Amino acid sequence: MADSGTTGATIELVDLGKRYPGSRQPSVDGVTLRIDAGETVVLVGPSGCGKSTTLKMINRLIEPSSGSIRINGEDVTGIDPVRLRRRVGYAIQSSGLFPHMTVAQNIALVPRMVGWSASRVRARVAEMLDLVGLDPGEFRDRYPRQLSGGQQQRVGVARALAADPPVLLMDEPFGAVDPITRDHLQDELLRLQRELHKTIVFVTHDVDEAIKLGDRIAILRERSHIAQFDTPQAILAGPADDFVSGFVGEGAALRRLGLTRVRDVEVTDCPTADVGDPPQRIVERLRASGTGEVLLLDERGRPCRWLRRGDLTRAAGSPARAGTPVHRTVTGDATLRDALEAVLTDSAGRVAVTGPHGQYTGVLDTETLLHSVRGLLAADRLDAPEHRHGLEDTLARQAPAEQEVDREKGAL
Ligand SMILES: Nc1ncnc2c1ncn2[C@@H]1O[C@H](COP(=O)(O)OP(=O)(O)O)[C@@H](O)[C@H]1O
Ligand SMILES: [Mg+2]
């Protein structure tokens, strides 16, 4: 299993610079940064500030013009780039999969290149697919075009991790997928990282993504000058200068919701039934339900449909077709910001919370969530008045939705 494999390595960038041929100004101007083993560091900054250039110098897809890179203390600036890339996995936007190769062939690329036996490669492909939540039997022989955007990204991550490198570089890997899939992929990455403890350098222009994923965040200005390098908490509480506050400041109170995870707040339980239960049992559960709702779980215990009274009759007694499908769930790794987004866009103001394999663990409703948010705000004395105002506005806008839920409840 991969979690017995390599853990991360330290990365040091020492006065690392890049001037592209023909450019008068360097694109990266002497960046110095030390990243601890097993840490996730996010490089965030406006488009064109040199994030990708900095990242690609770490695996020497781009050769530095000056300075050096050390991995676990070894200067890798002069070593054979192919040898280097065995130690450094790389995942990019739009997955970067080769379209003419199957999923298995894509994942097997680096292990083959470094001479693993066919049987070891085969086992590793299955293990990696499993790790990123794709069934090997179903997916190994597909071509990238036969996958959704989110599935392609998962395969991209599986490929980057296949040779068990201590370092993983990710360049806006979730930039091309829809917001809900992106939230899920971020949660998955957090789960993976808890198992694997790689050193991850992650590039994004999205501050909220940086806050969610980074143990530390390096905020870059032009030519990769580091404006601030610190934990998300410290950056939100004390932006170093106007550039940083301009970058993270807008909506900072809401951003702070990105620091708290669903696992840290109390989720409630809701009545559930299994999709295979006899209709009579489901009807009984509905009758006993305080909210007039029951969450239907599939054979693997994953939320699949919300049922209200009368839904079963309308679907001629077939639970698998009754009620409304569950479109969105959140995991314990989701932020309160993700969860707020989910309940605000849900017509009934609740979202199911799921565990590692997508199985039901609880429900967050608007009321519980707002209670937690208010508690956080009350505890947060650093919160500037104008920011607090912004969040209160959001809460006020939420009130009509709450009333609607109450009306619906009353109508039952
Ligand atoms: N191959 C290249 N040749 C010349 N200039 C480049 C090249 N790649 C990037 N640049 C320039 O370097 C700067 C930083 O680019 P990049 O590292 O891609 O920024 P980011 O990833 O932050 O958007 C930009 O001004 C860009 O135009
Ligand atoms: Mg870039």
Let me know the charge dipole size of the chain about its Cα centre in debye, to the nearest 20, where only the beta-carbon of Lys, Arg (+1) and Asp, Glu (-1) is charged. 1280
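Percent of Cα-Cα pairs more than 18 Å apart in the range 139-196, please. Intermediate values should be presented prior to the final figure.
Values: 575 of 1653 pairs.
Of all Cα-Cα pairs in the range 139-196, 35 percent lie more than 18 Å apart.
Taking the Cβ of GLY89 as the centre, find all other residues whose Cβ is under 10 Å away and add up their charges (Lys, Arg: +1; Asp, Glu: -1). Could the numbers behind the result be given before it?
Details: positive: ARG85, ARG86, ARG87, ARG159, LYS198; negative: ASP164.
Net charge around GLY89: +4.
Hey, what did the range 75-179 get for relative contact order, percent, Cα under 8 Å, at least 6 apart?
On the way: 145 pairs, mean separation 49.4, N = 105.
With pairs under 8 Å counted, the relative contact order is 47 percent.
Can you give me the relative contact order of the chain as a percent, contacts being Cα pairs under 8 Å and 6 or more apart?
Values: 757 pairs, mean separation 62.3, N = 412.
Answer for the chain is 15 percent.
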Out of ALA210, LEU13, PHE247, whose Cα points farthest toward the positive end of the dipole of the chain (charges: +1 Lys, Arg; -1 Asp, Glu; placed on Cβ)? LEU13
What would the Debye formula give as log10 I(q)/I(0) at q = 0.12, 0.13, 0.21 Å⁻¹ for the alpha-carbon point model of the range 39-181, no solvent? -0.52, -0.61, -1.33
Please give the helix 279-288 orientation as an angle from the longest Cα principal axis of the chain, in degrees from 0 to 90, rounded to the nearest 10. 90
Quick one: grab the alpha carbon gyration tensor of the chain, order the square roots of its eigenvalues as a ≥ b ≥ c, and give me rounded if a/c is under 1.5, else prolate or oblate depending on whether a/b is larger than b/c. oblate
Evaluate the Debye formula for the range 113-222 with equal point scatterers sitting on the alpha carbons, no solvent, and hand back log10 of I(q)/I(0) at q = 0.18 Å⁻¹, in q order, two decimals. -0.96
Helix 385-411: angle to the longest alpha-carbon principal axis of the chain, degrees 0 to 90, nearest 10? 30
For the ranges 108-115, 203-210, 289-296, what's the packing order if you count other beta-carbon atoms within 10 Å of each residue, average per peptide, and put the highest first? 203-210, 289-296, 108-115
For the range 2-250, with +1 on Lys and Arg beta carbons and -1 on Asp and Glu, the positive-most of VAL103, ILE71, CYS49 along the dipole: VAL103
Okay, helix-only estimate at 222 nm for the chain: each DSSP H run of n ≥ 4 adds -39500 (n - 2.57), divide by all residues, round to 500 deg cm²/dmol; what do you get? -12000 deg cm²/dmol
Shape parameters for the range 287-366, alpha-carbon atoms, Rg then Dmax in Å: 12.8, 39
Near the amide H of THR272, under 5 Å away, which other amide H atoms are found, from residues 5 or more places off or on another chain, if H is placed in the peptide plane? LEU295
Calculate, in whole percent, how much of the Cα-Cα pair population of the range 215-270 lies beyond 19 Å. 37
Count the lysine pairs in the chain that are 8 or more places apart or on different chains: how many have C-alpha atoms under 25 angstrom apart? 7
What are the equivalent ellipsoid semi-axes of the range 72-126, built from the alpha-carbon gyration tensor (square roots of five times its eigenvalues), in whole angstrom, biggest first? 24, 16, 9
Per residue of the range 316-322, in order, report the coupling 6.51 cos²θ - 1.76 cosθ + 1.60 (Karplus, θ = phi - 60°) as ³J(HN,Hα) in whole Hz, putting x for Gly and Pro. 6, x, 9, x, 5, 10, 8
For a quick protection proxy, order the peptides 181-194, 230-243 by their average other-Cβ count within 10 Å, most packed first. 181-194, 230-243
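Each reported figure results from applying straightforward, stated rules to the coordinates on display, with no laboratory input. These numbers come from a predicted model, not from an experiment. Don't worry about glycine lacking a Cβ; one is built from the backbone with ideal geometry, like all the others, and counts go over all protein chains shown.
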